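Colleague: First, the structure itself, so that you have it in front of you.
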Amino acid sequence: MSESDDSLSSNVPEYSVSEISGAIKRTLESGFGRVRVRGEITELKRYPSGHVYLSLKDQGGKISGVIWRGSVSRLGLKPENGIEVIATGRVSAYGERSSYQLIIDRISFAGEGALLAKIEKLRQTLLAEGLFDPERKKPLPFLPRLIGVVTSSQGAVLHDIRTTIARRFPRSVLVWPVAVQGEGAAAQIAAAIEGFAHLPQRPDIMIVARGGGSLEDLMAFNDERVLRAVAACPIPLISAVGHETDTTLIDYVSDRRAPTPTAAAEMAVPLRSELIADMAHRTARLTGALARQIQAARGRFDRAVAQLPDLPSLLENARMRLDDRGQRLDLALPMVATRARSALVAIERRIPAPELLIERRRSIVEIRENALRGAVRHLMQARQNAFERQRLSPESVLGAIRLQRARLEGSVGRLEAVSPLAVLARGYALVQDASGKPITQAASLPQGGKISVRFADGVRKGRLDPSSDEPPQGEFSL
């Protein structure tokens, strides 16, 4: 190395690693100060500590960023991967890794185009799931007892809703105050809707409202958490977000959409004066109809009365007929009695005396009794004579003996014809089990079972199919 090189190297200042890192950090922070960076969020990570780390990229580069825990709630929107934003913060260096990063304290969407694209993508997803179907819409109650309102506790929206309800038809109003824009607003709105649904005495109808604003201000009502909470809510819900020209996705999911918060209150309760006028009109119509029906009924009654006969005339005619019938009956009864008496006298004259009838019957009975006695004596005498003749005749006794012997021999022949011994004498045998029951089938006894075979001249015992070839003494095998 030459002298010139040595002298040159001795003039270059020497820094430690910490010094050069600190110098770079100071240069970055003083040179840029507070900046706004536009890019697409990527590599988003949330840590248990509450800090959020991400990167912003475009077509030419990428820069790391960090959101400290204290700044997350003040961002203005919820950071997500894939959305284009404008991040506001300051540039700083991280010496331990020789890197620089953007410390972010506020994020906003990069123009309405990105917001509209995100809203349209979510709208298509919910539309495919059927959350916008008209069949899911619940009807609003005619006159609710309790009205739930989800809105900011500050501002003119809540005052307009209360004033309109009190003017039209005073009802109880239960307010659930929430933030209606900024970071965390969507979570509060969703929690309020779910909370109303789980109250012991839940409202009959619910209004979710806020005033007008920019597209970014209304993004809480385009959040998926809020939309799904509205779809799952069992309470009929009216959305009144923004002015009449503003449209958010909650308007598609809710049961009814109102152009303004005041219009939502008008939908929630009817106008009492109109109800009173309608009741008066209906009362007048009902009174007139009732009067007409009474008049028509009175006319029908008068016509029916006119068609009825005169009651005194009816009674007089009936009395005259009764007198006539009574007079005719008085005249007819003696005549009928006289005719009946004459008929009885004639019948009595034709009937014979009872003593004569009894005497005739007694004579007939005595004749038949005498005849029966004679027949009985004759029969008994004939039987006694026949018995005497049979007892004294040997031929009759021998004939009776021969007749009985012939009958006995016939019975013996029939018995021998059906006797099993006669069958055995012809060469057959009777097989019985150990209890003496006849065996008719080979399968009725197991192998080795004891049997007895009866022949015409005696009985032999044995076993069926014994295991050994030699049969036991006194037995035989089959």
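Colleague: Suppose we filter Ala117, Ala190 for residues that are at pLDDT 85 or above and either outside any strand (DSSP E or B) or aromatic (Phe, Trp, Tyr) (or both); which single one remains? Reasoning before the result, please.
Modeller: Details: Ala117 fails: at pLDDT 85 or above.
The match here is Ala190.
Colleague: Here's another thing I want to ask about it. If you check Pro309 against the conditions, is it more than 30 Å from Arg228 (Cβ to Cβ) and touching a Leu at 6+ places or on another chain (Cβ under 9 Å)? Reasoning before the result, please.
Modeller: On the way: more than 30 Å from Arg228 (Cβ to Cβ): yes; touching a Leu at 6+ places or on another chain (Cβ under 9 Å): no.
Here the answer is no, as Pro309 does not meet what is asked.
Colleague: Within the stretch 438-451, which residues are among the polar types (S, T, N, Q), in contact with a Leu (Cβ under 9 Å, 6 or more places away or on another chain) and not in a loop (DSSP other than H, G, I, E, B)? Break it down stepwise before answering.
Modeller: To start, the set of residues in the stretch 438-451 that are among the polar types (S, T, N, Q) comprises 440-441, 444, 447.
Pick out the ones that are also in contact with a Leu (Cβ under 9 Å, 6 or more places away or on another chain) and you get 447.
Residues satisfying the conditions do not exist here.
Colleague: OK, next. With respect to Arg256, is the statement that it is loosely packed, with under 11 Cβ neighbours inside 10 Å and not hydroxyl-bearing (Ser, Thr, Tyr) true? Steps first, answer last, please.
Modeller: Working: loosely packed, with under 11 Cβ neighbours inside 10 Å: no; not hydroxyl-bearing (Ser, Thr, Tyr): yes.
No.
Colleague: Just checking, how many residues over the stretch 211-239 are at pLDDT 90 or above, more than 21 Å from Glu135 (Cβ to Cβ) and crowded, with 19+ Cβ neighbours inside 10 Å? Don't jump to the end; show me each part of the working.
Modeller: Narrowing the stretch 211-239 to residues at pLDDT 90 or above: 225-239.
Cutting the leftovers down to more than 21 Å from Glu135 (Cβ to Cβ) gives us 225-226.
Those still in the list that are crowded, with 19+ Cβ neighbours inside 10 Å too: 226.
Residues that pass the stated criteria total 1.
Colleague: Of the numbered conditions (1) under 30 Å from His159 (Cα atoms); (2) assigned to a loop (DSSP other than H, G, I, E, B); (3) of a type outside the set (Ser, Thr, Tyr), Ala229 fails exactly one; give the number of that condition.
Modeller: (2)
The values are calculated or read from the model by the stated rules, or taken from the named source; none is laboratory data. All of these numbers come straight from a predicted model, not from anything done at the bench. Note that each Cβ is placed from the backbone with ideal geometry, even for glycine, and that neighbours are counted across all protein chains shown.
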